[in-house]
Structures are given as structure tokens and as C-alpha cells.
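First up is the structure itself, then whatever we jot down about it.
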Amino acid sequence: MNVLVIGKGGREHALAWRLKQSRRAEKVFCAPGNAGTARDGITNVPIDHFETDKLFRFCTKEKIGLVVIGPEDPLAAGLADFLRVKGFKVFGPSKDAARIESSKVWSKELMRHADVPTAEFRVFDHPEPARTYIETRDYPVVVKADGLAAGKGVVVCKSNADAIKAVERIMTREEFGKAGRQIVVEKKLDGEELSVLALVGGRTFLPLPACQDHKAVNDGDQGPNTGGMGAYCPAPVATPELIMELERSVFLPTIHAMKRGRFPFQGVLFAGVMLTSQGPRVLEFNCRFGDPETQPILMRLKSDLLDVLEAVADERLPEFEEKIEWDPRSAVCVVMCSSGYPGKYETGKLVSGLADAEQLPDVKVFHAGTKLDAQNRVMTDGGRVLGVTALGDTLADAKARAYEAVKRITFAGMHYRTDIADKALKAKPPALPVEVPKLPAKFRRPGGNDPEGEKPTS
Ligand code: AMP
Ligand code: GLY
């Protein structure tokens, strides 16, 4: 089968790399891809995701058997619907279902309706009532622009004066354009963050091993937020009991509410969760694979990714009951960035040492913002440049190996965090939620977790 991956980041490189290893994949294409996909035998196609007619003609010409859409923008714009109507098999949600990420207001209202634990919130479409609401809060708040704003539309405020300034920036000065016509003001939560991704097809879902991302640009979670500076998988804080609780209190009600509302979700549903002292709370949903979470997750995947993604697209996910195989080792991904990122950054710098880094066993360098120049050299072409990913028998081994590889790579102005995975390496054992309620008997989740046969966990 010929496969097309849409996107050009580290997530798409990881997806295309694993798809290329499938025994059933003939040609794997990436539109538009990056230097890493080009060097891995994946054919880059110079078409952007908004060039839908060109994509359609390309899929027809190359007889594409499965399209895998990486980023949220094309999903929110309805690319999956467009290609499905034309008769192609697509992994990824419809435009309606993608609202779970593309509208924070919609997503929070869905959570309220489905009784999914999340921070207390109010929605505003005018700045004045938002200011009055904030002034009467005796706790810090987070102000969120409703629409997609490239990860920048969320302002975690230290004081209520900061929050009022955020409302001014989003609603009055319209810094995020239309995305800020409505806002969510919600209670600021404290705790550790966890990324839990689940494959979803029809009524069933299958959680993937949980990860932790590192959003702040500097060590010790200091500095402004980025798209993600590194991730590790599995996250020891995600005990089986915690995952089971998230299945029951988050994924199950969300997926059912979407199905009942006639916008069923198909693809990968990503829950960003805060582990508060009162239990887990959903911070956001994403309608796609995480970046950089996908890199360590797929580094550990041993099953054929094409089989898995096609089963989701065909609503045959239950066939994978107990069948997805994972490498038992841990994976750590360290993101190397351009000078200035996450602010204005420079590009066009020569990247060297890649071959040297990949000579280390169990190391894979995923490319994000890179491109090949006329002499086939790898040049920087974005804020996040590489996701250096390694497996290790322990998390500490994986971290050591990833950083050994990072040290072999250079480009002018590069920077990266030196403490990826330390959260887990230095952690105390997590405080567990106490009681795990039972799933309704009629619901069976693939993965051998049939609640009827399960003993209650304490
Ligand atoms: P979101 O796009 O909603 O996930 O927000 C991006 C980041 O902002 C999250 O990963 C958190 O680090 C932070 N954040 C969002 N909502 C909250 C909240 N209610 N309390 C504390 N931090 C938050
Ligand atoms: N790493 C967070 C995200 O993909 O949104």
C-alpha cells in the first residue's frame, strides 16, 4: 500500500519512519516533509496541507491507500472530510470532531456536559464581563483564546492584574485575530502534567503508553512555553490505576458524548492532564498525535504502525486487543532548537554530526525544522530543529544515551534543555487516586481491560 503523511515536523518524521518499516508499505510520501524524511527513503512532496486539490490529485495519481494527517490545522480545516468524500482512507478526525482542539470553548463545554474533570471555568465574548469576573476571583486564573493560536493563546497568569492584561491582549488588541473572539477564563491548577494519547475508532479506544512533555524553554521549567522541549515514555507517574481512572473518567465519557452528538472521533485523542492533589483534571484535548510525545512513543512501538492506523480508520480497533507490542525499554527525546526560539529565531544554519549521533545504538534523530540545501546538506529551517531520541534499559540509561547523541550534533546558536526526564528520575512515588469505579458492563475496551473480569483496585 502507498501511504501519505501530511506535515513536516518531528511527529511526522517519526510517523513516516515507522510506516516505512511496515511490511505492507510500498511507497511512503510526506507532504511536505523535511530533510529527515528525505534521508530516510520517504518521498517528500512539495504540497502544503491547504492545497487540497493538489493533494487530491496526488492521492489519485499515487493510489494512496492511507492518508495520515499529523497537525491540527488541516484537521480543523476539514482535510480529513474532504479526502474521505473523495474516497480515500484517512487517519484523523473530521472537522466537527477536531473542534475538541480547535475551540477551547467547545471543548470545555463538552467536558462540562460529559462530566469530565477539568478546571472550573467561564466563557466570555466581551472583555468587560471577563474583567469583572476576574476581579472577583480569589484564586489565580488562566486566560485562553478560543481558537487555534499555534500554542500561544493560553496565558497562565500569576496575578489577576496579569489576567486582565491577557484579556486586553486577546480580546481588545486581537493579538490572535479571530481566535480571540471568545475566551475561556479558568482556575489555575497546580501539579504535574501528563500526556495521555489514545487511539479512537468507533466506540472503542486504546490508550498508548503515557508520556511527559517539557513545555518551558529552560531547565527547571523556567522561561516561556514552547511547543515542547523534550518528552519521555513511559512516565512512571502514570500507574496502571491512574490510566484506568483516566479511561473511565476522561476518555470513555468524552468519546461517548462525541458519538452521541453525531461527531464521532476517529484518530488519536490526546488528553493533557494535570495531576492535582484532588485528582487528575483535563487541561486540554488535542485531536492529533503530540509533538514531541510521538517520537518516544513510536520509538517503543514494535507492532506494524500501518496495521494499527489502518485498523483505526476501518473501525477495526478491537482486533488489536492485547496485540500492540511495545519495547519494554524507556525512551527519551531531547529537542534541539534554533537560537531565539520560542521567540523570533534564525534559520539556515548547517547541522553537523548527525551520522555520528546515529551511530550510537538505539538512537534515532527525528528532524523537525530542517531542509536539504542544493548540496544535500542538512540546514536548520524552524524553531524546533531535531528530536534526538534514545532507548535505554532504564529511564536514566535512555536519558544518558540521548544526551550522548545530542553532544555529537552542532549548529550555530543551538540550545536544548539538559534536564529532560529528571522529573521522573527525581520523583517521589505518586499519590494514587483511591477508588476506581467500574465501567458500564456493555462497554468493552480493546486491550484486555474488560471491567467484568477485573478485580477492584485499591
Ligand atoms: P492548553 O493549550 O490548554 O494545554 O494550555 C497550554 C499549557 O498551559 C498547558 O500545558 C499547561 O502547562 C498550561 N495550562 C493550561 N491550563 C491550565 C490551568 N488551568 N492551570 C495551570 N496551567 C494550565
Ligand atoms: N506536546 C504538546 C502538543 O503536542 O500539543
The chain: Cys lacking any partner C-beta under 4.7 angstrom: CYS30, CYS59, CYS157, CYS287, CYS333, CYS337
Local net charge near GLU168, Cβ-Cβ under 10 Å (Lys/Arg +1, Asp/Glu -1): +3
Integer Hz, Karplus 6.51/-1.76/1.60 couplings in order for the range 416-424, x for Gly and Pro: 7, 7, 9, 10, 5, 5, 4, 3, 6
C-alpha center-to-center spacing [the range 87-130, the range 225-303] in angstrom: 15 Å
Carbon/sulfur fraction of accessible area - the range 63-206, other protein chains in place, 1.4 Å, %: 48 percent
Karplus (6.51, -1.76, 1.60) ³J(HN,Hα), θ = phi - 60°, over the range 293-306, in Hz, Gly and Pro reported as x: 4, 4, 4, x, 5, 6, 4, 8, 6, 9, 6, 6, 4, 5
Table column - 3J(HN,Hα) (Hz), the range 222-230, Karplus curve with 6.51, -1.76, 1.60, x for Gly and Pro: 9, x, x, 6, 10, x, x, 9, x
Where the Cα pairs of the range 144-284 fall when distances are cut into 5 Å bins, in %: 2, 9, 15, 18, 19, 18, 12, 6, 1, 0
Dipole magnitude (debye, nearest 20) for the chain, charges at Cβ of Lys, Arg, Asp, Glu: 740 debye
Between the range 337-400 and the range 1-38, the alpha-carbon center distance in angstrom: 17 Å
Computed helical MRE - 222 nm, the chain, DSSP H runs ≥ 4 contributing -39500 (n - 2.57), nearest 500: -7000 deg cm²/dmol
Simple Cβ-charge dipole of the range 14-153, Lys/Arg +1 and Asp/Glu -1, about Cα centre, in debye nearest 20: 860 debye
Cα gyration tensor category, rounded, prolate or oblate, for the chain with a/c compared to 1.5: rounded
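The values are calculated or read from the model by the stated rules, or taken from the named source; none is laboratory data. The structure presented is a predicted model; accordingly, all values stated were derived computationally and were not measured. Quick reminder, even Gly has a Cβ in these numbers, built from the backbone with ideal geometry, and neighbours come from all protein chains shown. What goes into the accessible areas is simple: the full protein's heavy atoms, side chains included, and nothing from ligands, DNA or RNA. Shrake-Rupley method; radii C 1.70, N 1.55, O 1.52, S 1.80 Å.
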